[in-house]
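Below is one structure; the comments refer to it alone.
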Amino acid sequence: MAGSGKSKGAPRGRAKTWMLRGLKIGLATAVAGLLAVVIAVVIAMQSLPSYDSLKSSPNGQMIRVHAADGSVIVSLGPSFGQWMDYDRIPQVMVDAMVSTEDKRFYLHPGVDPIGMARAAWVAVENRGKGRRWQGASTITQQVTRNIFLNNSYSFGRKIREMVLALALERKFSKRQILELYLNKVYFGGGAYGIDAASRKFFGHPAVTLSLPEAAIVAGLVKAPSSYSPTADADAAIGRAGVVLDLMQENGVISASQRADADIQSVKLAPQAPQNSVRYFTDWALPQLDLLIDEPNEPLEVYTTIDLGMQKAATAAIQANVPSGTQGALVSLDRDGAVRAMVGGLDYVTSNYNRATTATRQPGSAWKIFVYMAALESGYTPDTGVTDEPVTINGWSPRNSSGRFSGDIDIRTAFAYSINTVAAKLGVEVGFPTVADMARRFGVTTPVNTHPSMVLGTSDVRLIDMTRAAASIARKGIAVTPYGITKVTTADGRLLYSHQDDTSRVLVAPWVAAGMTDLMQTAVSTGTGKAAQIGRPVAGKTGTTTSNKDGYFLGFSSGITTGVWMGRDDAKSVGGLQGGRAPAHAFADYMKVAVSKRPVEEFETQVTLPEWQLEPDEEAYYGSPDNGMGGGMDGGTGGGMLVDENGLPIERPRTRSSDLDSDDPQMEVDPEDRPQQDRPQPPRIDQQWIDNVLGRDRQRQQQPANRPTPNP
C-alpha cells in the first residue's frame, strides 16, 4: 500500500514541478518582455522630436481662394487650417472627440488594455469573416500612426505603434497629445485638423464650433468619406447623433444639453463652383510666387472674380458659340480687375485656357492699333480718306464687301472695317509704328511688320487684346489685368494688397477719345451692331481669313470685355464672323455685367492739341514713320534717320527699278532723280531740330497719297 501511495504521489510531484517551472519561465519571459518594452520605450523617447518640431512637421500648404464678395470658390492643397492651441479649442470639441474615439484616454498610458481585450474578443467572435481587429487604437496610437507611421496593416507596424504611443505618453502631456491629434487628424475632403474641417464644412474657424457642429466633426474620423456632410447629409446627421449619445453616456453633457443639440439646424457652407471659375484660378494663383514669400502657412487669397458675372459669361459663351467650336471671354473692370474669365466651354472636359494661353489671329480687331497710330499722327475721325484699290509690295488687300466706297471719312472706314483704308494708314504711319502701338498697349506676342499686319495677321492672346481695349476706355492710361486683391494668412496677417497704378499714360486723352469715337460708331452703325445693349457701347469686330476666328472687343460703363470663338485646330467655321456670334455673346454678357451700374456717356468731345486747331492753310502735315515708315511701294518714305546721338545718318536707298511704275503716286528715291532735281542737304535750323525730334510729323507737307482733312 505504501508503495502504491508513492507511485501515485510521484506524478503529482512532477506535475507540480513542471507547473512551477512553467510559471518561472513565464514570469521570466514576462519580465524580459517588460524589460524589452521599457528599453524600447526609452529608446523611442530619446528619438522623438521636440513638440515644436511635431507641430511644424511638413504638412503642405492650404490655399483658400475667395471671390470678390468674400465667398470661398475653391480650396487647394491639403487643408490644415490654423493651428489651434489647446486652450483655444472648444471644450465641446475635446469632449466629443474623446467620447467617440477613446473614452479612457485620461486613464491609460498610451495603450488601452481593456480596449485591446475587447477588440480581441470581437475578433474571436468574427473569426473566419475576414474582419480586422477594430477599436483597439487609442488617440495616442492614432497620433503616432499619423505622424510617424502609415496605415498599412501588419503585426510589426502595430508593435511599433504601441511602443511609440507609450513613449509619446512618457514625453508629452495628455493636453499636448490631444492638441496634436485635433490639429492633424483627417476629416475628409482634404481637411486635416478641426480648424480646416470647420472652415470647409461650416465656413467659420474652429474656435466658434457649437455642440452639434462638434458632434458632426467628431463623427467624421471613423469614415470621412461615408459621413461627410457634403457627400451624405443624412449619414452625417445620423453619425452625429451617435456621438451626442456617447457624450451623454460618458457624462460630459447632460440629458437636457443632448435634447437641445439640434443637428438639423446646422448650416453647411455652400459648395464652391468647380467648373468655369477654375480657368480664372489656374491663371491667378501662379502669380502668388511673384507677390508673396510664404511657402508654409495656410493662405487666404482674395480675388477680383465676380461669381454673378462669371455665371453670365459662361452662359453667354455656351449659348452663342457655333457647333463644334470653342469660345473664350475675358472681362475687366476699369482698373484691370478680372471680373469674369471663361477659357472654354467646359473646364472638366478641357482645362486649356483659351482666354490667356491660346494665340490666334485677331483679324480686323487689330485695326484699333492702326487707327490709334493714325490718330496720334494727326488724323481725326472726320479726316477724309479714299476707299480704292491699293497695292503694297505686290499685296492687294480687298474689302469683305468686294467693292470700293470711294471718298469717305476715317469714322466710316473704321465702322465698316474697310481694309484698303487700314492698309493706306499702315503705309502712312509706318508698320513699325503700328507694331510699337500694339506693344505699348500690352500685346506680348511677336508682332510682324509685313504690310498685311494691319489686318491682324500676328497671333495674339485674348487677354492682351482686352487689356488694350480697356486702356482705351480708361482714356489712354495703361491697364494691367490682375486677379488678386489681397493675401492674408489664416489668422488675418496681411501679406499683400494690390495697388492701382495710374502713372503710365500710353496715349494722349484726345487720341483715346478719338478711338472711342470710332469704336462707338462701329457698334452704333457698323459691323458691331449686334453688340448693342441699350446703353453706349464702343467696340470692334474681328474676323480672320476663311472664318477661322471671330473676335469682339468692347466696353461700356467701366467694363471691358473681349470674346473669341473658333476651333482649336484652326479650321474654318462656316458663318463665323466677329459681328455675329462673338458680338451676340458680348451683348448677352454685358447686359448682366453692367445692369447694376449707371449709364456712362463717352467723352468723345475733347480739346485737341493746338496744332490741330490751326486753320488748314497754316497746318503742317507729314508722315510720322519714325524714319522707318514705308510708302505704298514698300520704299523708305521721307522721314529722316538719326543715330543714338540725334545726328542724321544716310537713309537706305531704294532704286527706282524696284518701284511699281504703274502707280503714278509712288515716290522716287532722291538719289534716283536727275542731278538738278536732287534736294540740297538739310540746313541746321529750327525746322531740322523739329525734324530730328519728331516734331515734323505734323509740320511736313502732306504726301500726295494722304487725304486732305475736311475743314
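Here are a few things to note about the model shown:
- Take the Cβ atoms of Met19 and Arg104, set R0 to 25 Å, and the FRET efficiency comes out at 0.10.
- Amide H contacts of Asp549: Thr544, each under 5 Å away and 5 or more positions distant or on a separate chain (H built 1.01 Å from N in the peptide plane; Pro and chain starts excluded).
- Vicinal HN-Hα couplings computed from phi for segment 170-187 (Karplus, 6.51 cos²θ - 1.76 cosθ + 1.60; Hz; Gly/Pro x): 6, 8, 10, 7, 4, 4, 5, 5, 4, 4, 4, 4, 5, 9, 10, 5, 8, 10
- Under the simplified labelling scheme, the Asp260-Ser225 pair shows an inter-label distance of 3.9 nm, with each label point 7 Å from Cα along Cα→Cβ.
- Computed from the C-beta positions of Arg504 and Gln61 and an R0 of 51 Å, the FRET efficiency is 0.90 to the nearest 0.05.
- Taking trypsin sites (Lys or Arg not before Pro) across segment 204-278, the ones in a DSSP loop with at most 13 further Cβ atoms lying within 10 angstrom of their Cβ are Lys267.
- Relative pair counts by distance (%), Cα atoms of segment 453-532, 5 Å bins: 3, 12, 14, 17, 19, 12, 8, 6, 4, 3, 1
- Gain in span if fully extended, Glu603 to Gln176, counting 0.36 nm per residue against the direct Cα distance: 147.1 nm
- q = 0.18, 0.23 Å⁻¹, segment 507-593: log10 I(q)/I(0) [Debye, one scatterer per Cα]: -0.72, -1.02
- For segment 182-339, the fraction of alpha-carbon pairs lying more than 26 Å apart is 47 percent, rounded to a whole number.
- Cα convex hull, segment 269-367: 153 Å³ per residue, rounded to a whole number.
- Packing order of peptides 434-444, 184-194, highest average first: 184-194, 434-444 (average count of other Cβ atoms within 10 Å over each peptide's residues).
- Here the alpha carbons of segment 325-411 define both size measures, Rg and Dmax, at 18.7, 52 Å.
- A simple spin-label model places pseudo-atoms 7 Å from Cα toward Cβ; at Lys267 and Thr445 they are separated by 4.6 nm.
- In sequence order, segment 297-311 has phi-based couplings of 5, x, 10, 10, 9, 9, 10, 8, 5, 9, 5, x, 5, 5, 5 Hz under the Karplus curve 6.51 cos²θ - 1.76 cosθ + 1.60, θ = phi - 60°, and Gly or Pro positions carry x.
- Candidate cross-link partners of Lys529 among the lysines, defined by an alpha-carbon separation under 17 Å and a same-chain spacing of 8 or more, comprise Lys540, Lys591.
- Amide H contacts under 5 Å for Val74, placed H, 5+ residues apart: Val65
- Set Lys24/Lys103; Lys486/Lys596; Lys367/Lys486 screened for pairs whose C-alpha atoms are more than 27 Å apart: Lys24/Lys103; Lys367/Lys486
- Per-residue packing, averaged as other Cβ atoms within 10 Å, sorts the ranges 377-383, 86-92 into the order 377-383, 86-92, beginning with the highest.
- From most to least packed by mean Cβ count within 10 Å, the peptides 370-376, 391-397, 463-469 give 370-376, 463-469, 391-397.
- Computed from label points 7 Å out along Cα-Cβ, the spacing between Asp245 and Leu76 is 4.4 nm.
No value in this document is a laboratory result; all are computed from the given coordinates. Remember, predicted model here, so these are calculated numbers, not experimental data. All Cβ positions, even for glycine, are placed from backbone atoms using ideal geometry, and neighbour counts span all protein chains on display.
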